[in-house]
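What follows is one structure encoded as structure tokens, with my remarks underneath.
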Amino acid sequence: TKDTFRQQKLLLPVFFSSAKQNLHHFSARPFDKTTQKLHERKNSQHTRIVFLLRMRRLYIASCVVFLVGMLLPLSASKPDVDIGVSFGIKSGTINELLMETDGTLVSKLTWNQQFSPTIGAHASVSLHHFSLTGSVLMAVPTQTGTMQDYDYQSDGTTIAYFSSHENHLLKDFTATLKASGDIPLEMVTVTPFFAYTWQNRMFAAVNGYTQYPSSGFWTENDPKTYLTGIGLTYEQWLSFPEIGMQVTRQLTHPAMTVYFLGSWYPYMTITAMDHHFLRSLLFTDEMTGYGGKATIGAQWEKAFHGTTDVRVEISYEGIHAEGNTYEQYIGENSVKTLLAGYQGGTTTSLFSLMISFAF
């Protein structure tokens, strides 16, 4: 049953063979209904993959046309080189989801990344109205909030079991390559851009407690069982193209530049790995999805020692992805098994505040 499976959840010292047996029992469905759902999901995924492949070809073709159009009129002028560093904080949540294929929520792990310090660097080459920019951003490893784990009853809304742990950020690295071109207008400058981003982030759930009531549903007053050590880790690898536009306005009183930037992630590939150490289980999610980012900022030219530009910006990023989920034993010669009837997912909601200095 589903309740039997949920009792095998995070940080319970259960043997893999028992966990697989419980999972098989809990996921058993009437044959005809399960087969119908799998066919419907396969057809839906096939349609989506065809659409996304066409979008990717359109994106690549647009990038080529854009770059050729910008490079053709360039002369032998000397390019401007801009190098800078940035410092800031990042705060928000990354949700790790397990659902039935009809969308019913089975479990949710909320990794709270609260005010983690970040550092970065960028280099930009500009010629006429065209720019090519490379940037890297890295969060400082530290304890950053809590990780909260919710298991749900069959209705997908009532919480059956709960646990809370320290959330330790182990790494969060992002690299981006962006091509952009300015279009000066009467009042503003419009800058369309294309970019590609690679990201890798990892968290660890440490110590904490569980609240697993023997019957009924979870309440905050249920007895707590305290735990010590690393219970699980969660790591994501993300890669995605980005299409966006920036609108910039030059002000005279005060003398500064303000801008708004919006971008769309049309096709994201995300692989996530969740190691449950005390259960000796590894869960892998292979997902596709979409996202976007909005930024508002201001820049002051030569504001620091008369030579350095200073930029301040606030951003929000949202991501949604779903896909197949797999289970395997941690160890040698382990076979990865698809969990039929279920899918993994992730959602991200992150704010960031950055201060940059360009030389």
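For region 239-349, the fraction of C-alpha pairs farther apart than 19 angstrom is 62 percent. For region 241-298, treating each Cα as an identical point scatterer without solvent, what Debye log10 I(q)/I(0) comes out at q = 0.15, 0.29, 0.30 1/Å? These q points yield log10 I(q)/I(0) values of -0.64, -1.06, -1.09.
Converting phi to 3J(HN,Hα) with the Karplus coefficients 6.51, -1.76 and 1.60 and the offset θ = phi - 60°, region 166-172 yields 5, 9, 9, 6, 8, 6, 7 Hz in sequence order, with x at every glycine or proline. Under 5 Å from the amide H of Thr146 lie the amide H atoms of Asn112, Asn167, each residue being 5 or more positions distant or on a separate chain, with H modelled from the backbone and absent for Pro and chain starts. Its Cα centre serving as origin, region 198-338 has a Cβ charge dipole (Lys and Arg +1, Asp and Glu -1) of approximately 360 debye.
Between the listed residues Ser164, Tyr209, Pro192, the Cα displaced farthest toward the positive end of the dipole of region 164-263, a dipole computed from Cβ unit charges relative to the Cα centre, is found at Pro192.
No lab work stands behind these numbers, since they all come straight from the coordinates. It should be emphasised that the depicted structure is a prediction, and the values quoted were computed from it without experimental measurement. Every residue, glycine as well, gets a Cβ built from its backbone with ideal geometry; the counts of neighbours run over all protein chains shown.
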